[in-house]
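S.K.: Take this structure first; my questions come after.
The values are calculated or read from the model by the stated rules, or taken from the named source; none is laboratory data. Since we're looking at a predicted model, the values are computed, not measured. Reconstructed Cβ throughout: ideal geometry from the backbone, glycine too, with neighbour counts over all protein chains shown.
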Amino acid sequence: MIGRLHNLISILDLTRQDIDLILEHSAKMEQVAIKKSKDLEGKIMACLFFEPSTRTRLSFESAMFRLGGSVLGFADVAVSSAGGKGETLADTIRTVERYADVIVIRHNLDGSARVAAEFSKIPVINAGSGSEEHPTQALLDLYSIKKLKGKIDGISISLCGDLKYGRTVHSLGMALSHYDVTVKLVAPPPLRMKPAVIAEMKEAGLRVTEVDTLEEGLKDVDVVYMTRIQKERFPDVREYDALKGKFRLGLKEVGLMRDDAIILHPLPRVDEIDPEVDSTPQAKYFEQVHSGVVTRMAILKLILG
Ligand code: CP
């Protein structure tokens, strides 16, 4: 990338230099987010959300408004011609590219954002593709770690929960491969991390271990990254029922963590973090939500600015 970012489909499209540049720009956006700017005045962002979202869509919209740009799109596939009339993704993209300057797409299928980019003449940003990837979430997660811990190199992190279907941990795991970090993968055996992501991390020289219990995952790390078990991705709901509630972070479990460790979560949560944890000093997941705005401002500026 370095220079002008075009599409952002996979975290693997970015080098360490690219990621560091986005994180630097995100920090600069903290002030711009407060004062607002007209840097992207006249630019239009199309949000095509074929799957539900609160944070990703609204933070992209907030980012665009704070930069003076405009937003259009749909938040529910049922109100689009793709849902109601069976229009193909290719035709949807070839239509929307005539209305906007950048497309932000979330879709339930792996590979969907890459397909959209192949048909689009304007930049495409992946806002979550199936259980595959969520690269802008990984960037905001890295930004949050850097902001809250002061660095990324040298930290230890546990990725906890649904490492099989969770797209955020796939992108974050691969993004961490650019840094000198120690990673614990913490999941019930049926939800272990995808082998391709483990291979990526090990090839990059990361120290990676796998553990089955949350208690083991919480000890001796700087960052605990919790995730929701992704009910909607299970082919058989009985498999989900057998696993739900397995990992629950309550006050007792927080007591196993280092005092200066932080808890992150991409959200939404279901029951994996008790609400009573929210008031502990370790709970940083709502601060992490704010990182979504500044990081996405930086990404939009690098693409459209
Ligand atoms: N973290 C995240 O992707 O949240 P939403 O599904 O609400 O966008």
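S.K.: Going through region 33-50 one residue at a time, which ones are buried (at least 17 other Cβ atoms within 10 Å of the Cβ) and charged (D, E, K, R)?
M.R.: Of everything in region 33-50, just one residue is buried (at least 17 other Cβ atoms within 10 Å of the Cβ) and charged (D, E, K, R), namely LYS43.
S.K.: Follow-up question, since we're still on this one. Out of contact with any helix residue (DSSP H, G or I) (no Cβ under 6 Å at 6 or more places or on another chain) and outside any strand (DSSP E or B): does that describe LEU109? Steps first, answer last, please.
M.R.: Details: out of contact with any helix residue (DSSP H, G or I) (no Cβ under 6 Å at 6 or more places or on another chain): yes; outside any strand (DSSP E or B): yes.
Yes.
S.K.: Does VAL294 satisfy the criteria of being at pLDDT 95 or above, assigned to a helix (DSSP H, G or I) and more than 16 Å from the chain's Cα centre (by Cα)?
M.R.: So VAL294 does not fit the description; no.
S.K.: Being crowded, with 22+ Cβ neighbours inside 10 Å and either among the β-branched types (Val, Ile, Thr) or not in a helix (DSSP H, G or I) (or both) is the filter here; which residues of region 51-68 pass it?
M.R.: Of everything in region 51-68, those that are crowded, with 22+ Cβ neighbours inside 10 Å and either among the β-branched types (Val, Ile, Thr) or not in a helix (DSSP H, G or I) (or both) turn out to be THR56, LEU67.
S.K.: Scan region 205-217 and give yes if some residue there is buried (at least 22 other Cβ atoms within 10 Å of the Cβ), more than 16 Å from the ligand (Cβ to nearest atom), over 29 Å from ASP18 (Cβ atoms) and assigned by TED's automatic domain parsing to the domain that holds HIS170, otherwise no.
M.R.: Yes - at least one qualifying residue is present in region 205-217.
S.K.: (1) outside any helix (DSSP H, G or I); (2) without any contact (Cβ under 8 Å) to a residue 60 or more places away in the chain: which one isn't true of ALA82, the others all being true?
M.R.: Every condition holds for ALA82 apart from (1).
S.K.: Is it the case that LEU300 is assigned by TED's automatic domain parsing to the domain that holds PRO52 and either touching a strand residue (DSSP E or B) at 6+ places or on another chain (Cβ under 8 Å) or not in a helix (DSSP H, G or I) (or both)?
M.R.: It is true that LEU300 is assigned by TED's automatic domain parsing to the domain that holds PRO52 and either touching a strand residue (DSSP E or B) at 6+ places or on another chain (Cβ under 8 Å) or not in a helix (DSSP H, G or I) (or both).
S.K.: Pick out the one residue from GLU118, GLU97 that is more than 13 Å from the ligand (Cβ to nearest atom) and either exposed (fewer than 15 other Cβ atoms within 10 Å of the Cβ) or hydroxyl-bearing (Ser, Thr, Tyr) (or both).
M.R.: Values: GLU97 fails: either exposed (fewer than 15 other Cβ atoms within 10 Å of the Cβ) or hydroxyl-bearing (Ser, Thr, Tyr) (or both).
Within the list GLU118, GLU97, the selection yields GLU118.
S.K.: Shifting gears a bit: Looking at the structure I just gave you, is ALA175 of a type in the set (A, V, I, L, M, F, W, C), part of a helix (DSSP H, G or I) and either in contact with a strand residue (DSSP E or B) (Cβ under 8 Å, 6 or more places away or on another chain) or surrounded by 14 or more Cβ atoms within 10 Å (Cβ to Cβ) (or both)?
M.R.: yes
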